[in-house]
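The values are calculated or read from the model by the stated rules, or taken from the named source; none is laboratory data. Here the structure is a predicted model, which means the values were calculated and not measured. With ideal geometry, Cβ positions are generated from the backbone for all residues, glycine too; neighbour counts draw on all protein chains shown. Surface accessibility is based on the protein's heavy atoms, side chains included, excluding ligands, DNA and RNA. Shrake-Rupley method; radii C 1.70, N 1.55, O 1.52, S 1.80 Å.
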Amino acid sequence: MRSARTAAAAFMVAAVAMTAAGCADVQGDDSSLVGVAMPTTTLLRWVDDGEDVQEQLENLGYDVDLRYAENDVATQVQQVGEMIDEGADLLIVGAIDGTALKDQLARAAAADIPVVSYDRLIRDTPDIAYYATFDNLAVGTMQGHSLARAVGLEDAEGNKIEGAGPFTLELFAGSPDDNNATVFYEGAMSVLDPYISAGDLVVTSGEKDFATIATEGWDSAKSGERMAALLTEHYAGGKRPDAVLAPNDGIAISVIEAIRSHGAPAGVVVTGQDAELASVKSIVAGEQTSTIYKNTQLLAEVAVSMGHALLSGREPETNDLTSYDNGVKVVPTMLLAPQLVTQDNLERVLVESGAFTAEEIR
Ligand code: GAL
């Protein structure tokens, strides 16, 4: 799967590298070491992120220490500490708990080690230099519009279709310690809340606030259990909601599985995110409604370019200097554009782009 992504995106990545790094042939000092801390290998997206960042850094001549912490906060804190102790010159960190790293990052700052926050914003610390991510608010609004459109409340332009509904809905959010999860939720609710207030969407369980619907650690076993409990309590007799807001693909698949086990008919609208292979196949099969494709190879490219610029005494490129306040400062950010994927555009967005081969997704 990665080979398809890698081969087809190579040209695009090279093009971004040349622009973002200023010039492609600036090599890293071969004594320079970059510590790359990634959250988990349980989702393929993070495996790809880590490998892409490593490969691109090595192509620039850096040594790389890549570690995954399997969603264990203490492990990641320790890994980052070890990277500092072994003399890393730069850290690229995809945080598990956005607030847990501040002591280690203070040590990094004292040792003049710049830190790039990768995909997820590291909070409550002045000691991050830059942030590379996708437009997380747009991810949420895309999920909200996808859901509203798929149940029949909105047309393709996002305009309300009068007289449709009401439709039943259940809501899931991501991990409370991941800053992105709140932003996805805010984006989605900015679309869904007006429909809920108007009675066009009805949250049968009444469970709507972020803390109640959050999924600790993005753990799909937990979301599957919560969906099963919601079905038992509020959808007796094999009934099911018309739609479920699922913030990522792992949660979406667990929700679909719980609905199947409940003996309810298929055809529930379920959103997602990450274009994980299982969800892409589910969309092709007409189960999951949508996902959000984030070209993580480009994200890796941006983060690597930022780090390379910092180590070369140049200023990294950014395109958002206002949105991401981490509680201590507004972090200069480079936002990439996510893309909504449904059955209608899957072929073009995921296959023609080379993210997956036609064989992989059937
Ligand atoms: C988020 C990330 C998503 C998804 C999720 C679970 O921070 O932006 O793409 O991967 O974590 O790992």
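Below are the figures for this structure:
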item: Glu70 surrounded by fewer than 20 Cβ atoms within 10 Å (Cβ to Cβ), in contact with a strand residue (DSSP E or B) (Cβ under 8 Å, 6 or more places away or on another chain) and either of a type in the set (Asp, Glu) or at pLDDT 95 or above (or both); result: no
item: Total residues in the range 168-195, condition open to solvent by less than 30 Å² (accessible area, probe 1.4 Å) and away from the ligand (no atom under 16 Å from the Cβ); result: 7
item: Residue within the range 221-235 that is touching a residue at least 12 places away in the same chain (Cβ under 8 Å) and outside any helix (DSSP H, G or I) present; result: yes
item: Condition met for Asp63 (closer than 21 Å to Ser220 by Cα and outside the structural domain of Gly174 (by TED's automatic domain parsing)); result: no
item: Checking Thr125 against (1) within 15 Å of the ligand (Cβ to nearest atom); (2) more than 18 Å from the chain's Cα centre (by Cα), the condition it does not meet; result: (1)
item: Hey, Leu311 out of contact with any Leu (no Cβ under 7 Å at 6 or more places or on another chain), not small (Gly, Ala, Ser) and not assigned by TED's automatic domain parsing to the domain that holds Ser146 or not; result: no
item: Among (1) farther than 22 Å from Phe134 by Cα; (2) touching a Leu at 6+ places or on another chain (Cβ under 7 Å); (3) open to solvent by 50 Å² or more (accessible area, probe 1.4 Å); (4) in a helix (DSSP H, G or I) - the single one Lys208 does not satisfy; result: (4)
item: Residue that is closer than 30 Å to Ala221 by Cα, modelled with pLDDT under 95 and buried (at least 17 other Cβ atoms within 10 Å of the Cβ), where the choices are Ala4, Ala100; result: Ala4
item: Of all residues in the range 133-167 being assigned to a helix (DSSP H, G or I) and open to solvent by 10 Å² or more (accessible area, probe 1.4 Å), the one that is farthest from the ligand (Cβ to nearest atom); result: Val151
item: Of the criteria (1) within 30 Å of Val351 (Cβ to Cβ); (2) of a type outside the set (Lys, Arg); (3) surrounded by fewer than 20 Cβ atoms within 10 Å (Cβ to Cβ), which one Val328 fails; result: (1)
item: Residue list for the range 269-293, filter: open to solvent by 10 Å² or more (accessible area, probe 1.4 Å) and either in a loop (DSSP other than H, G, I, E, B) or under 30 Å from Glu317 (Cα atoms) (or both); result: Asp274, Glu276, Ala285, Gly286, Glu287, Thr289, Tyr293
item: Residues within the range 306-315 that are open to solvent by 10 Å² or more (accessible area, probe 1.4 Å) and either outside any loop (DSSP other than H, G, I, E, B) or touching a helix residue (DSSP H, G or I) at 6+ places or on another chain (Cβ under 6 Å) (or both), tallied; result: 2
item: Selection within the range 261-276 - within 14 Å of the ligand (Cβ to nearest atom) and not β-branched (Val, Ile, Thr); result: Gly272, Gln273, Asp274, Ala275, Glu276
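Matching residues to (1) among the polar types (S, T, N, Q); (2) closer than 15 Å to Thr168 by Cβ; (3) over 14 Å from the mean Cα position of the chain (by Cα):
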{"residue": "Glu225", "(1), (2), (3)": "no, no, yes"}
{"residue": "Val270", "(1), (2), (3)": "no, yes, yes"}
{"residue": "Asp274", "(1), (2), (3)": "no, no, no"}
{"residue": "Ala278", "(1), (2), (3)": "no, no, yes"}
{"residue": "Ile283", "(1), (2), (3)": "no, no, yes"}
{"residue": "Val302", "(1), (2), (3)": "no, no, yes"}
